[in-house]
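See structure below.
Quick note: the coordinates plus some simple rules give every number you see, no bench work behind them. Given the structure is predicted, the values throughout are model-derived calculations rather than measurements. Cβ placement follows ideal geometry from the backbone for every residue including glycine, while neighbour counts extend to all protein chains displayed.
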Amino acid sequence: MTKPKKMTLTLPVEEYVGSGNLACQGCGANLALRYVLKALGPKTILCIPACCWAVIDGPFPQSCMSVPIFHCAFETAASSATGVKAGLDMIGDQETTVVAWAGDGGTFDIGLQALSGAAERNEDIIYVCYDNEAYMNTGIQRSSATPSGAWTTTTPVKFPKDQPKKDIDAIMAAHRIPYQATASIAYPEDLFKKVKKAKEIKGTRFFHIYASCPTGWKSRPEDAVKLARMVVQNAMFPIYEIEHGEKYTLNIKLKEKKPIDDYLKLQGRFRHLKPEQIKVLQEEVDRNWERLLKKISA
Amino acid sequence: MKKVIMGNHALSYGAMLARTQVVAAYPITPQTQVVELLSEMCADGTLKAKFIKVESEHSAMAACIGASLAGARTFTATSSQGLALMHEMLHWASGGRLPVVMGNINRSMAPGWSIWTDQNDSLSERDTGWMQYYCASNQEVLDTTIQAFKVSEALSIPSMVILDAFALSHTYEVVDVPDQAIVDQYLPPFKPVARVTPDEPHAFGGLTGPEHYYELRYKLQKDMEKAPALIEETGRQYEKLFGRYLGLVEDYRCDDAEIILVTSGTAGSTARVAVDQMRKDGLAVGNFRMKVFRPFPFEHCRRILPKAKKIAVVDRNISYGHHGMFAQEVKSALYQHTDDVPVFCAIAGLGGRDITPDTFREVVDYAREHDKPEDDILWIGVKK
């Protein structure tokens, strides 16, 4: 007789993100913050620049959160968090974790200078970029995190984005920060474990979390987690960590690397792509994957 | 203790005596000595503070704002282009009601590149909700820095302590550096009204709809309106402890003056000398140096300036398409409060061109020869 399979809940039941918030249906950014806070606990301060999460927690005087939020300027997630951390140190609070929580626009584009500055100084903060691959809060405009071939409101179907996604992880690795990792909302236990690990490290820690956006990707809300799993399985968004910019470890190993076709098909933003364009994208994914594997085995 | 120090170091000593806890700064000529000395003080423990060596002025102000919100006393210094880069964050500091204190060295805006003084950098930030003090001596720089923290923290409004490039920033003067113990008496530790802490989780600065935003700005203005009286009160308290009064304006020989010069910054101390010279020549001239520009000293303007037959404002700045900015504001303050006192609007010393006693003599001569200003702007020393 086979034993009945049982699921075990490995994440703490405590919630720091309240229900009834303003996230869209199937919002990956919402899940990302839920999981990260489960790992960090209540002694956390979030610095949130302009991004979807600037709205999700609710309008003044409400907040769905049970941790404090400092809503800061678009390009200042890293510098604001740096200031908060310094201020806390000076008033004798060494315990609280200060987190910069920004979208891809606030990280890859407008906030990159402040992030680079903070990383170079090795400020004692955790910087999290939840990446939904475009300026979603302003209505789906392309960012430098938007993948090649994608439609956005500023990369119309006739002229989809013809530059590859910026390799933010390589940029951060070049800063030799003590810890950085990619993660996906489809792998909450992996994310949870890595945030726990990062919490105990001093210095700048960087997370790059793939966060599906059904609204901006023209996909079904119920596919949000599925897409976040497929993007890992097809190696478009591999899950790995880097210590001190050198030691690469693959966290989610692939039994079989899937082609990207099925992933693209589920999203309206790729619907216009012709087979030959998909082939070019597939080659790009393959090249990036090989490059990563070399770094991991080095 | 008396020391011979440059204006920039007067700012550093002021920030040190105020027991600043976090400094975040980026270098720009002619501000560099302010933060160089502070970084030494932080390194050798003279000042127990965190010095964040940020990668831009924008990040400097962002970090100051974060630190202030965390509950620390916070200071930075900049100049010109750096201040312009901070512009967005200046609104964030005042809108967030955070009492950051900043030194700004008045330096002309590029292009062309100029490191010399005029006031267009700080006056371009007139409407950001910061208090602005224009200093005329290194002593005043040091004293005002300490006072600025006291006023800012009482009102939850940030302050800018402003001094002229080179004329003050790099000029050495004798400065009485007060005892720390007495400064501590004057300025107790910072007790924030609210701070970001997990012990009491709130969201600061979130989405604010039309039903709330308006009142937040109303409150900022209402508190700014309390500032003139508070500056005078804290100025008197300062005088009791240190023997130097710190007020909104300095009126010099204005009581019986037929022509009152309105000045600010180091041009104001040059004007004092010019007034004495002209008095010797039998001319009834006074000098009304505006030390505080925000909040605007309406009461002093309306009480003192109409005593004269003519008022001549000398601006080291210009609002293109209008006048010098002090002139605009003096005229607007006097409107409906005086009858027919003509206000002459002079501009001098842009881009660090020297302002000398002769500058004021020329302005006064023009005012004596004319019942009313013929030109909108009286340009002093310009090569037309």
Would you report the distance distribution of C-alpha pairs in the range B:249-379 as whole percents per 10 angstrom bin, up to the bin with the largest distance? 14, 51, 33, 3
Skipping prolines and chain starts, which residues have an amide H placed within reach, meaning under 5 Å, of the one on B:Arg73, given they are 5 or more residues away or on another chain? B:Gln21, B:Val22
Where a ≥ b ≥ c are the square roots of the eigenvalues of the C-alpha gyration tensor, would you call chain A rounded, which needs a/c under 1.5, or, failing that, prolate if a/b is larger than b/c, or oblate? rounded
Please compute the average number of Cβ atoms from other chains found within 10 Å of each residue's Cβ in peptide B:70-78. 4
In order through the range B:139-154: 3J(HN,Hα) via Karplus (6.51 cos²θ - 1.76 cosθ + 1.60), integer Hz, x for Gly, Pro: 4, 5, 4, 5, 4, 5, 4, 5, 4, 4, 4, 5, 5, 4, 6, 5
Tell me, what is a quarter of the convex hull surface for the C-alpha atoms of the protein assembly as shown, in nm² with one decimal? 35.5
Using the Cα gyration tensor of the range B:91-188, with a ≥ b ≥ c the square roots of its eigenvalues, what is the shape: rounded (a/c below 1.5), prolate (a/b larger than b/c) or oblate (neither)? oblate
If one compares the long axis through the Cα atoms of helix B:7-17 with the longest principal axis of the Cα atoms of chain B, the angle in degrees, nearest 10, works out at 40
By the mean-Cβ-within-10 Å protection proxy, highest first, B:214-227, A:268-281 rank as A:268-281, B:214-227
Determine the shielding of peptide B:205-212 by partner chains: average, over its residues, the number of Cβ atoms on other chains within 10 angstrom of each Cβ. 5
Could you tell me which of the pairs A:Lys161/A:Lys196; B:Lys3/B:Lys150; A:Lys85/A:Lys257; B:Lys222/B:Lys291 are separated by over 31 angstrom between their Cα atoms in the structure shown? A:Lys161/A:Lys196; A:Lys85/A:Lys257
Could you please rank A:Leu266, A:Leu33, B:Leu261, B:Leu38, placing first whichever residue has the fewest other Cβ atoms within 10 Å of its Cβ? A:Leu266, B:Leu38, A:Leu33, B:Leu261
Which net charge results for the neighbourhood of A:Cys47, defined as the other residues with beta-carbon distances under 13 angstrom from its beta-carbon, given Lys and Arg at +1 and Asp and Glu at -1? -2
In whole Hz, the Karplus estimates of ³J(HN,Hα) for the range B:214-220 (6.51, -1.76, 1.60; θ = phi - 60°; x where Gly or Pro) are 3, 5, 5, 6, 4, 5, 4
In the range B:148-178, what chymotrypsin sites (Phe, Trp or Tyr not before Pro) fall in a loop by DSSP, with at most 15 other Cβ atoms inside 10 Å? none
For chain A, take the longest principal axis of its alpha carbons; what is the angle in degrees between that and the long axis of helix A:188-199, to the nearest 10 within 0 to 90? 40
For the range B:97-104, Karplus-derived ³J(HN,Hα) couplings (6.51, -1.76, 1.60; θ = phi - 60°; whole Hz; x for glycine and proline) come out as 6, 10, x, 5, 10, 9, x, 10
Using alpha carbons only, how many degrees (0 to 90, rounded to 10) separate the axis of helix A:224-233 from the longest principal axis of chain A? 70
What does the structure give for A:59-71 when I average, per residue, the other chain Cβ atoms found within 10 Å of the residue Cβ? 6
Sequence-distant or interchain residues sharing an amide H contact under 5 Å with B:Gln132, placed H: which? B:Met160, B:Phe293, B:Arg294
Please compute P(r) over all alpha-carbon pairs of the range A:1-158, binned at 10 Å starting from zero, and give each bin as a whole-number percent. 10, 35, 32, 15, 5, 2, 0
Using the per-residue mean of other Cβ atoms lying within 10 Å as a proxy for protection, in what order, highest first, do the peptides A:65-72, A:220-227, A:141-148 fall? A:65-72, A:141-148, A:220-227
When ranked by the protection proxy of mean other Cβ atoms within 10 Å per residue, highest first, what sequence do the peptides B:83-90, B:107-114 form? B:83-90, B:107-114
Going by amide H atoms built from the backbone, whose H comes under 5 Å of the H on A:Val128, apart from near neighbours? A:Ala100, A:Trp101, A:Ala102, A:Phe207
